[in-house]
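The values are calculated or read from the model by the stated rules, or taken from the named source; none is laboratory data. It should be emphasised that the depicted structure is a prediction, and the values quoted were computed from it without experimental measurement. With ligands, DNA and RNA removed, areas are computed over all heavy atoms of the protein, side chains included. Shrake-Rupley method; radii C 1.70, N 1.55, O 1.52, S 1.80 Å.
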Amino acid sequence: MSFIYPQFLWALFALTIPVIIHFFNFRRYKTIYFSNTRFLRQVEKKSSSVNRLRNFLVLLSRMLALTFLVMAFAQPYLPVDNNKIGQSQYVSIYVDNSLSMKATGSNGVLLDEAREKAVEIVEALPESYQVQIITNDFSGRQQRYYNKREAINLLDGITPSFSYRSFNEVSERARGLWQKLDPSAKGQLQFFVISDFQASQFTGIELEDNDIQAQFILLQHLDEKINLAIDSVWFDRPALQPGFDMELHVSIQNYGNEKSGNIPLQLEIDEKLIAARQIEVAPQGNEIVKFNFRFDERKHYSGKLKLDAGRPAFDNDFYFSFSLNNPIPVTLIGKESEAFEKLFNDSLYNFRQVAETAIDYGTITDNQLVIINAAELAPSGLASALQQILEQGNNLVLIPGSDNEEIFNSLLFSLGIPFSGTRIEGKIEATTLRWDDPIFKGAFSEKPSSPSLPVVNNYLKTNNTRGYDLLSLENGDPLIIRYPLSNGNVIVFTSSFQKETSNLAQHPVSVPVLLNAALYAINNNPLYSQSGSNTVQSFDINIEGDIPLRIMRGEELIIPRQRTRGKEIELLGIPSQLETGFYPVNHNDELLGYLAVNPGKKESVWEFLSEKQLIQDFSASDNIILADTGNLSQSIKNIYQGIALWKWFLAGALLFLLLEMVLLKFLK
């Protein structure tokens, strides 16, 4: 036991006062004469024994009352167990400000309660302690320690965040700052976690570092723990064109254990109501809703889905954006082919054929797909143009002729592909198809059984060590190879499309290879993003100077992280300050598209860990403690400032004074 004010212990010398009074309190006796004192002596003897006992008990109670009173003024306490907190003076506090914390608990809004609990913790810490405040925002100012007053100011400014963070991400944030400290000074990090403990956030917890101890402070919901949410949206085709029907697929997820009933779902595009549905979703089920519509104008569109599903409301609205594209430019260089012209004879494509000697190097790099078919020449500027096409994320298809091995090999070598094809004669059939390769995206719903594959009369044999064999002959040699190169793909056919060489030009397997090479080379930005995520979105633009892309949030201008890649600018991640909604993306005064931001999917999974589950899951861990939220401030003081005993000593002093009064009144 220790004392905050040990100087008060000098007052214990006052204990001599009641002792002196006791021993020197002699009474004057009056002599009274009696005729016979035989009976008086017996009474006197009994009274003297009782008086001595009473005086002794009164003296003892007075001395104990005075002792306890002096001890109370000295403020005794049981000192901190330094082995428990490792003599650390650094504390990290995580306040969960995710969207689920906007719900109501027994003490009001959970986020408000979390802030109050965090302030209690900070105020209960010793003055010398340094505090790190962490929220889902992961802002730069959360990367340092603060004194108590500064930490409380930070807590007062916490607002709901649309960013999702797993507990492991949060603990790494705390550990990262703590590990920068001097090892001799940091001790054991105390990590307080104040949250509603949404199950999706606290799965797979990894906290095995013995130098970190986490204390979990559970805040419980009052709301019914069910939720109906829009999970995802997508179109039925990769490229959208004006004047054609578009089919939008909407996935609705029921996270509850009851049927949802008839819930209204509305689709708005450019703030105009397009369609409405009534939906029912089974318990823990999923429902796909389809909307069909058509637009004729090439422009950027913003879409919004509204689900009238009650609380929680943060995921009832879902935002997405899309653009109606210009025709996809595809150019064939080399030998003209009627098969290619028929294949790309669609308003979706802008197809043209040019000879090797008529290449326009100023516009060739604008193509999403360039096909080199049986080229008899390899102009000096062609290789650099092809490399630029790949750097921009576009694709190349190379097809040999019947007798141009040398030119074909040199073109591939100029691209950095060590292809040394030697012509092999003889009829042979293809037998192995890599049906799950990305180039066959959307072509097969399941693995084809016993497919009919192409037959060739001759081909170029090569040892493929860098690419992916999409189609192989029965002897194992590749017939179609995909080489990921730079930011695009080079697709190589090892046999000619001429009728006397193969049936590749007429075979259905060539169709998805060529069409997908064009379709998926275009800038297929995601329809939507999640706030605070690392989603990359690209925008086609001819860069002039160093003017960056800008995101407009009302009147506020935000310049996100970005990089230039060829004729595209990529936005690297979604700024965490963006709430759900639409945000125009501009370059100078030109609108390049919309950024549609939604909350993370895991926020919609309306399941939470109970106190019993927390105890069960983490009772075996020495690093995790379930804190007592009922008397949080006092329990924190007990850990860091010791257990105060002055109240007990004051109560003891009052008790002994009461005992003295009882003795004086009833023991006469």
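In what sequence, largest accessible area first, do Arg434, Arg553, Arg149, Arg173 appear using a 1.4 Å probe?
Arg149, Arg434, Arg553, Arg173
Suppose all protein chains stay in the model; what accessible area per residue would a 1.4 Å probe give for the stretch 221-332, in Å²?
47
Order Trp606, Trp234, Trp435, most accessible first, counting only protein heavy atoms with a 1.4 angstrom probe. Numbers along the way, then the final one.
On the way: Trp606 5, Trp234 95, Trp435 75 Å².
Sorted by accessible area, descending: Trp234, Trp435, Trp606.
Pairs Lys259/Lys612; Lys272/Lys306; Lys102/Lys304; Lys290/Lys441; Lys306/Lys601: which are spaced more than 18 Å apart, C-alpha to C-alpha?
With Cα atoms farther than 18 Å apart: Lys259/Lys612; Lys102/Lys304; Lys290/Lys441.
Rounded, prolate or oblate for the stretch 244-309? Axes are the square roots of the Cα gyration tensor eigenvalues, ordered a ≥ b ≥ c, and the cut-off for rounded is a/c under 1.5. Mind showing how you got there, number by number?
Working: a/c = 2.96, a/b = 2.36, b/c = 1.25.
Prolate shape, in that a/c is at least 1.5 and a/b is the bigger ratio.
Can you bin the stretch 113-193 into rounded, prolate or oblate? Criterion: square roots of the alpha carbon gyration tensor eigenvalues sorted a ≥ b ≥ c, rounded for a/c under 1.5, prolate for a/b above b/c, oblate for the rest.
oblate
Rounded to the nearest 10 Å², what accessible area does Lys461 have for a 1.4 Å probe in the complete protein model?
The accessible area comes out at roughly 80 Å².
Compare Met63, Met71, Met246, Met661 by solvent-accessible area with a 1.4 Å probe and give them largest first, with all protein chains kept in place.
Accessible-area ranking of Met63, Met71, Met246, Met661, largest first: Met661, Met63, Met71, Met246.
Using a 1.4 angstrom probe and counting only protein chains, how large is the accessible area of Lys304 in Å², to 10?
For Lys304, the solvent-accessible surface is approximately 50 Å².
With a 1.4 Å probe and all protein chains kept in place, how much accessible area does Arg144 have, in Å² rounded to the nearest 10?
The accessible area comes out at roughly 110 Å².
Can you give me the C-alpha center-to-center distance between the stretch 124-202 and the stretch 272-320, rounded to a whole angstrom?
37
Among DSSP bridges having both ends in the stretch 93-246, what percentage is antiparallel? Round to the nearest 5.
DSSP beta bridges in the stretch 93-246 are roughly 25 percent antiparallel.
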